């Protein structure tokens, strides 16, 4: 897995550790609230020398991608070389760790899509270029965050229904970013007359299993895969697919 700081765009996102602490620990704080005032609550235990919340999340990704049900909190603690009690201070359950992985992934890809569209709009790009860049950057992100992408695609169902519902908004916002760009491109005459929802979901269908087949040691780099995806998928709905603008270029 490539380092998380190797982002295709500077999206201004929260750091992984900050997200995990803010997004996943609130329920743990509520669970401890009845024990007394803040001055009576013991300080958080050390996770271990140099261990941070984002490292816990990344270790959980390595385990969960091989099977959520086969992995236990004890396995995760062993992976990190720490005590189980240290993990439970920060995450009230294994489900909370899984939720943190999925929520961080969905929030990040939603914010990435927003950033691309904002940049393209501000710079006056045609809609075909906004869509192509949106696909290009999304594919790069899905490759680089492929463990979390695979977990999100295959293991969200392991969470309680109410948690699954709470995870839907960032995914829907990501999807509607694509749908809106396609709809505006149709209205501007850049794309063929088609259903923008169907066009968007065909693109998502092409993206969803990247994490399953991409081989970091294979013959194509992430950038080459992203260029192929973005060119072919944008040309599929372009009114003039032979436009020189659709020739693959370096980003």
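The values are calculated or read from the model by the stated rules, or taken from the named source; none is laboratory data. On a predicted model such as this, the values are computed, not experimentally measured, just so you know. Don't worry about glycine lacking a Cβ; one is built from the backbone with ideal geometry, like all the others, and counts go over all protein chains shown.
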### Task
Determine whether residue 117 is modelled with pLDDT of 95 or more, touching a helix residue (DSSP H, G or I) at 6+ places or on another chain (Cβ under 8 Å) and either farther than 18 Å from residue 234 by Cβ or surrounded by fewer than 18 Cβ atoms within 10 Å (Cβ to Cβ) (or both).
no
### Message
Condition check: surrounded by fewer than 14 Cβ atoms within 10 Å (Cβ to Cβ), farther than 19 Å from residue 139 by Cα, assigned by TED's automatic domain parsing to the domain that holds residue 116 and modelled with pLDDT under 95. Does residue 215 satisfy that?
### Response
no
### Query
Which is farther than 28 Å from residue 157 by Cβ, surrounded by fewer than 19 Cβ atoms within 10 Å (Cβ to Cβ) and at pLDDT 55 or above, of 81, 12, 67, 50?
81
### Message
Against the conditions (1) outside the structural domain of residue 221 (by TED's automatic domain parsing); (2) surrounded by fewer than 19 Cβ atoms within 10 Å (Cβ to Cβ), where does residue 91 fall short? Just the number, please.
### Response
(2)
### Message
residue 100 - would you say it is part of a helix (DSSP H, G or I) and surrounded by 20 or more Cβ atoms within 10 Å (Cβ to Cβ)?
### Response
yes
### Task
With a cut-off of at least 2 residues that are without any contact (Cβ under 8 Å) to a residue 12 or more places away in the chain, closer than 17 Å to residue 230 by Cα and touching a strand residue (DSSP E or B) at 6+ places or on another chain (Cβ under 6 Å), name the helices (runs of 4 or more DSSP H) lying wholly within region 154-208.
none
